[in-house]
Structures are given as C-alpha cells and as structure tokens.
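**Q** Please read through the structure below; I'll follow up with questions.
Just so you know, all these numbers are worked out from the coordinates, no wet-lab data involved. Note that this is a predicted model, so its numbers are computed, not measured. Reconstructed Cβ throughout: ideal geometry from the backbone, glycine too, with neighbour counts over all protein chains shown.
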Amino acid sequence: MKLKIRSLLSFQLSFALASVTFLGVSAWREVTMGAPLSAAPILPSILMFVVYAACLLLPRFSSLTWYRIAMAFAVLTFGGGGVIGNIARYVESGTQHYASFEMWLLAVAINSYGTLFNLMAVFGWFISPQRVARSK
C-alpha cells in the first residue's frame with residue numbers, strides 16, 4: 001500500500017515534531033535536574049531536525065528526486081544514529097546514558113517511526129500528484 005505524498009509528509013513532520021519535543025524536554029531536564037533524557041547532543045540534534053523539516057518542503061518547491069536524496073541522508077542519520085546507535089549504546093552500557101529504560105525505548109521508537117517513513121520516501125513508495133498526472 002502506498003501513501004499519498006501529503007500523508008507521507010505529514011507523518012514525517014510528526015516525526016520531526018516528536019523528536020524536537022523529546023529533545024526540548026531533554027534540555028529542560030538537563031537544566032533542572034542535571035541530566036538529559038538521552039545521550040543525544042541536544043542543540044546539534046534540534047538543528048538537524050530543522051534542516052530535516054526544511055527538506056520536507058522539497059516536493060512542493062523542487063523535484064521529488066532531491067527530496068528522495070535528502071531522505072536517504074535522513075535514513076542514514078536517524079536509522080543509523082537514532083535506531084542502531086541507541087541500540088548499540090544500550091547493549092554496551094545499558095541505561096547509563098538514558099534517564100530510564102522507558103526513555104531509551106521512546107528514543108528508539110521515535111527514530112524507528114521516522115526511519116520507516118523516510119525509507120518509504122527513499123524507495124518512492126508514495127503516490128504524488130505528479131505521478132498521477134503522468135499516468136493519464
């Protein structure tokens with residue numbers, strides 16, 4: 001089943017918003033309690049999500065090719081660092097770098113969610129108005 005591009009972009013935007021929310025709470029926790037929610041570097045990660053969200057505008061203002069290329073980088077970043085990196089960190093040191101097991105699980109879940117939709121973008125598993133128009 002393929003999603004319409006608008007739906008795919010909405011899911012990807014929800015991933016960015018969930019991630020920035022997690023990072024914002026992590027920053028607040030670091031300031032108030034002295035320890036963040038996870039090992040993620042907060043400011044660089046937030047900046048990365050700002051760039052990611054900007055890339056979600058590419059289908060509207062550019063070609064789908066550039067969008068799909070940007071999402072390939074997102075798969076490597078969020079799938080590699082966010083999913084695999086968090087799992088590897090947990091295997092190496094347990095929850096030492098996380099506020100709790102639940103926060104580790106939430107970090108992996110958020111990044112897995114985003115990586116799924118980013119993979120759909122990379123492989124073109126979506127329906128765009130441009131593709132519909134070409135097929136007529």
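**Q** Looking at this structure, is residue 126 surrounded by 12 or more Cβ atoms within 10 Å (Cβ to Cβ), in contact with a strand residue (DSSP E or B) (Cβ under 8 Å, 6 or more places away or on another chain) and either at positive phi or in contact (Cβ under 8 Å) with a residue 12 or more places away in the chain (or both)?
**A** Working: surrounded by 12 or more Cβ atoms within 10 Å (Cβ to Cβ): yes; in contact with a strand residue (DSSP E or B) (Cβ under 8 Å, 6 or more places away or on another chain): yes; either at positive phi or in contact (Cβ under 8 Å) with a residue 12 or more places away in the chain (or both): yes.
Judged against the criteria, residue 126 is a match.
**Q** Moving to a separate point now. Somewhere in the range 26-35, is a residue surrounded by fewer than 19 Cβ atoms within 10 Å (Cβ to Cβ) and among the polar types (S, T, N, Q)?
**A** Among the residues of the range 26-35, at least one is surrounded by fewer than 19 Cβ atoms within 10 Å (Cβ to Cβ) and among the polar types (S, T, N, Q), which makes the answer yes.
**Q** Show me the helices (runs of 4 or more DSSP H) found entirely inside the range 23-136 where at least 1 residues are more than 19 Å from residue 8 (Cβ to Cβ). Can you show your working first?
**A** Values: elements: 42-55, 58-61, 64-74, 85-93, 101-122, 129-135.
Ranges flagged: 42-55, 85-93, 101-122.
**Q** Within the set of pairs 6+ apart or on separate chains, which have a first residue in the range 52-64 that is crowded, with 16+ Cβ neighbours inside 10 Å, a second that is of a type in the set (Ser, Thr, Tyr), and C-beta atoms under 7 Å apart?
**A** Listed by first residue and then by second, the contacts come to 55/67; 58/67; 59/67; 59/128; 64/128.
**Q** So which residues in the range 99-119 are touching a residue at least 12 places away in the same chain (Cβ under 8 Å) and either over 19 Å from the mean Cα position of the chain (by Cα) or closer than 14 Å to residue 16 by Cβ (or both), if there are any at all? Talk me through it step by step, then tell me what you get.
**A** Pass one, the range 99-119, residues touching a residue at least 12 places away in the same chain (Cβ under 8 Å): 99, 103-104, 106-108, 110-115, 117-119.
If the condition is that a residue be touching a residue at least 12 places away in the same chain (Cβ under 8 Å) and either over 19 Å from the mean Cα position of the chain (by Cα) or closer than 14 Å to residue 16 by Cβ (or both), then 99, 110, 111, 113, 114, 115, 117, 118 are the ones that fit.
**Q** Within the range 65-81, track down each residue that is under 19 Å from residue 127 (Cβ atoms), touching a residue at least 24 places away in the same chain (Cβ under 8 Å) and aromatic (Phe, Trp, Tyr).
**A** Result: 67, single match.
**Q** So residue 77 clears everything in (1) under 10 Å from the mean Cα position of the chain (by Cα); (2) β-branched (Val, Ile, Thr); (3) exposed (fewer than 15 other Cβ atoms within 10 Å of the Cβ) except one condition, right? Which one?
**A** Failed condition: (3).
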